[in-house]
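J.: There's a structure below that I have some questions on.
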Amino acid sequence: MLRHRRSDFPEGFQFGVATSSYQIEGHGFGGAGRTHWDDFAATPGNVVRAEHGAVGCDHYHRMDEDLDLIQALGVDTYRFSTSWARVLPEGGGEVNQMGLDFYDRLVDGLLERGVHPAVTLYHWELPSALADLGGWRNRDIAQWFGDYTEVLMRRIGDRVWSVAPINEPWCVGWLSHFVGAHAPGLRDIRATARAMHHVLLAHGTAIARMRALGMRNLGAVCNFEWATPLDDSPEATLAAARYDAIYNRFFLGGLFKGAYPALALEGLEAHLPKGWEDDFGVITTPVDWSGLNYYTRKLIGPAEGSWPHYAEHIGGLPLTSMGWEIYPQGLQDFLIRMAEEYTGDLPIYVTENGMSAEDRLTDGAVADGHRTAYLNGHLEAVQNALAAGVPVKGYYIWSLLDNYEWALGYEKRFGLVHVDFDNFTRTPKGSYHALAQALRS
Ligand code: IFM
């Protein structure tokens, strides 16, 4: 059972569920173009069992069933993403009308069911044609992204409730170009610095283009991990501060202060494109809200070798099946930090929070008390932040459905709804029913 009910939250507080295009739609359907995730997954060793998003959860053909599930859950908002390559298969130029029609139906289907459509324009499936041109390393991507934004928003922008240009810029930049765990799988500090900067430039460009179309309720969505020093030593404290600077403060600083933190610049500055400081005017184009995706913390200690001189350590807290420690305090601390240090009175949404688990379908049901407990802990953190005066306006669970967990394939189940990937049957889990009950009461 969920401990908190809708009535425990302020009037108008938005409860929502989130998904993303490549993870659920079935990118092989409807004339969508090839993406760098298709290329990455087709390269041996990148993705568990070389799984890809060609079929996903077959949402492309099951949209109505999924929208009915959202409506029956009783949430206010559905946060989904649109695929650049579905709209513009070559990244620019010719439009795929079937793609625009698909998102048009999705938006109308939500509105008919009384659910707010919250759009993200980019959740990682870069058209391969643009990857060929250097992808996020190429400064021109900001204008390419702006063009895509306009094409799509001229069609659905009159009916969407909110828009965020980019999901999780850290993943687009660092995870994909430095760690190499996501497409395009690079491990290159110069590519990283450029991608981290260009993704923010693209964000600002898209916001400005949407403002020019007269749109409102535009935001930014970043993911954060709390960095806890391994011990009391000055070395561990510095290592954790550097992790925090790269993971969290680089993006908050760029978006809301027009500056990058010194501890990130010490390694990245030499690789940033010429004139990067002049881009902050675009990057800081005002937004109407700020979104925070939160899952876990990391225990960080110092490390020998090249920059950034830190190493992640295993902590002692309970883990999800991703191996992520469950640490709700980090959500509370980030909400307070974000408001106090970066965003002030700007509305804040928890745009993603949730857990993966080895959920099993038994006699037509999935008992996932672990997920309900996770949600209880994190909703408590939201309550504490509200009590501290943070303007939290909503909380969205990742995810509606079990789906394609990127390099980890389909075996990490984050859904409130179980998906059988042999026949695509959807079965609401215990946590879905618990949330539905909490929202009704
Ligand atoms: O599945 C992802 C999602 O695409 C972005 N945020 C984190 C989720 C869980 O890893």
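The values are calculated or read from the model by the stated rules, or taken from the named source; none is laboratory data. Computed from a predicted model, the values in this text were never measured in an experiment. Here the Cβ positions follow ideal geometry from the backbone for every residue, glycine too, while neighbour counts run over all protein chains shown. In case anyone asks, the SASA skips ligands and DNA or RNA and just uses the protein heavy atoms, side chains included. Shrake-Rupley method; radii C 1.70, N 1.55, O 1.52, S 1.80 Å.
J.: Give me, ordered by chain and number, the residues 5 or more places off ASN293 or on other chains with an amide H under 5 Å from its own placed amide H.
T.: Distant-sequence amide H within range of ASN293: CYS222, ASN223, PHE224, THR351, GLU352.
J.: Quick one: compute the contact order of the stretch 363-439, relative version, from alpha carbon pairs under 8 angstrom and 6+ residues apart, as a percent.
T.: Reported as a whole number, the value is 34 percent.
J.: Next question, about the same structure. Considering only DSSP beta bridges with both partners in the chain, what is the antiparallel share in %, to the nearest 5? Mind dumping the intermediate values first?
T.: Values: 11 of 48 bridges.
That works out to approximately 25 percent antiparallel.
J.: D for the stretch 248-313, whole µm²/s, Stokes-Einstein with Kirkwood Rh over alpha-carbon pairs at 20 °C and 1.002 mPa s: what number?
T.: Here the translational diffusion coefficient equals 152 µm²/s.
J.: Then there is this: Give me the compactness ratio for the stretch 297-441, meaning the Cα radius of gyration over 2.2 N^0.38 Å.
T.: Details: Rg = 17.5 Å, N = 145, 2.2 N^0.38 = 14.6 Å.
The reported ratio for this selection is 1.20.
J.: Would you mind computing, in nm to one decimal, how far apart the modelled labels at ASP345 and GLU312 are, each placed 7 Å from Cα along Cα→Cβ?
T.: 3.9
J.: So, one more: Under the rule a/c < 1.5 gives rounded, and otherwise a/b versus b/c splits prolate from oblate, where does the stretch 128-238 land using the Cα gyration tensor?
T.: oblate
J.: So how long is each side of the stretch 161-207 along the principal axes, counting just the alpha-carbon atoms, biggest first, in Å?
T.: 36, 17, 12
J.: Based on the Cβ-Cβ distance of HIS271 and ALA50, what FRET efficiency does E = 1/(1 + (r/R0)^6) give at R0 = 41 Å, to the nearest 0.05?
T.: 0.85
J.: Once amide H atoms are placed 1.01 Å from N in the peptide plane, what residues at a sequence separation of 5 or more from LEU126, or on another chain, have their amide H within under 5 Å of its amide H?
T.: Correct list: HIS36, TRP37.
J.: Cut-off 16 Å, label point 7 angstrom out along Cα-to-Cβ of ASP132: give me the residues of the stretch 11-54 whose amide nitrogen falls inside.
T.: What the label zone holds, given the 16 Å backbone N cut-off, is 33-40.
J.: On a 1.4 Å probe surface of the protein chains, which of GLU266, GLU405 comes out largest in accessible area, and what is the full order?
T.: GLU266, GLU405
J.: So for the stretch 204-315, what are the equivalent ellipsoid semi-axes in whole Å, largest first, each being the square root of 5 times an eigenvalue of the Cα gyration tensor?
T.: On the way: eigenvalues 195, 62, 15 Å².
Each semi-axis is √(5λ); the values are 31, 18, 9 Å.
J.: Under 5 Å between amide hydrogens, which residues at least 5 positions from ASN46 or on another chain qualify, with H placed 1.01 Å from N in the peptide plane?
T.: Residues meeting the criterion, in which the H sits 1.01 Å from N, do not exist here.
J.: A follow-up question, please. First obtain the Kirkwood hydrodynamic radius of the stretch 359-441 from its Cα pairs, then insert it into the Stokes-Einstein equation at 4 °C and 1.567 mPa s, and state the resulting D in µm² per second as a whole number.
T.: Estimated diffusion coefficient is 92 µm²/s.
J.: Using the Cα atoms as the points, what is the convex hull volume per residue of the stretch 222-380 in Å³?
T.: With only Cα atoms used, the stretch 222-380 gives 150 Å³ per residue.
J.: A further question follows. If I take R0 = 25 Å and measure r between the Cβ atoms of THR362 and ARG440 in this structure, what FRET efficiency does the formula 1/(1 + (r/R0)^6) give, to the nearest 0.05?
T.: 0.45
J.: Quick one: which of LYS274/LYS412; LYS257/LYS412; LYS298/LYS393; LYS257/LYS393; LYS298/LYS412 span more than 31 angstrom between C-alpha atoms?
T.: Among LYS274/LYS412; LYS257/LYS412; LYS298/LYS393; LYS257/LYS393; LYS298/LYS412, the Cα-Cα distance tops 31 Å for LYS274/LYS412; LYS257/LYS412.
J.: Between Rg and the Kirkwood Rh of the stretch 26-133, both from Cα atoms, what is the Rg to Rh ratio?
T.: On the Cα set of the stretch 26-133, Rg over Rh gives 1.01.
J.: In bins 5 Å wide, starting from 0, what share of all Cα pairs of the stretch 320-395 does each bin hold, as a percent?
T.: 3, 15, 23, 19, 14, 10, 8, 4, 2, 1
J.: Can you compute 3J(HN,Hα) from phi for each residue in the stretch 259-267, using the Karplus curve 6.51 cos²θ - 1.76 cosθ + 1.60 with θ = phi - 60°, rounded to whole Hz and x for Gly and Pro?
T.: 7, 9, x, 4, 5, 8, 5, 4, x
J.: Also: Going highest first, how would you order 230-240, 103-113, 27-37, 46-56 by mean Cβ packing within 10 Å?
T.: 27-37, 46-56, 103-113, 230-240
J.: Follow-up. Hey, could you get me the Stokes-Einstein D for the stretch 114-166, Kirkwood radius over alpha-carbon pairs, 4 °C and 1.567 mPa s, rounded to whole µm² s⁻¹?
T.: D = 106 µm²/s.
J.: In addition: Which FRET efficiency value, to the nearest 0.05, do you get for LEU213 and GLU11 by plugging their Cβ-Cβ distance into 1/(1 + (r/R0)^6) with R0 = 35 Å?
T.: E between LEU213 and GLU11, to the nearest 0.05, is 0.70.
J.: Continuing with this model, one more query. Dividing the alpha-carbon Rg of the chain by 2.2 N^0.38 Å yields what?
T.: On the way: Rg = 20.4 Å, N = 441, 2.2 N^0.38 = 22.2 Å.
Expressed relative to 2.2 N^0.38 Å, the Cα Rg reads 0.91.
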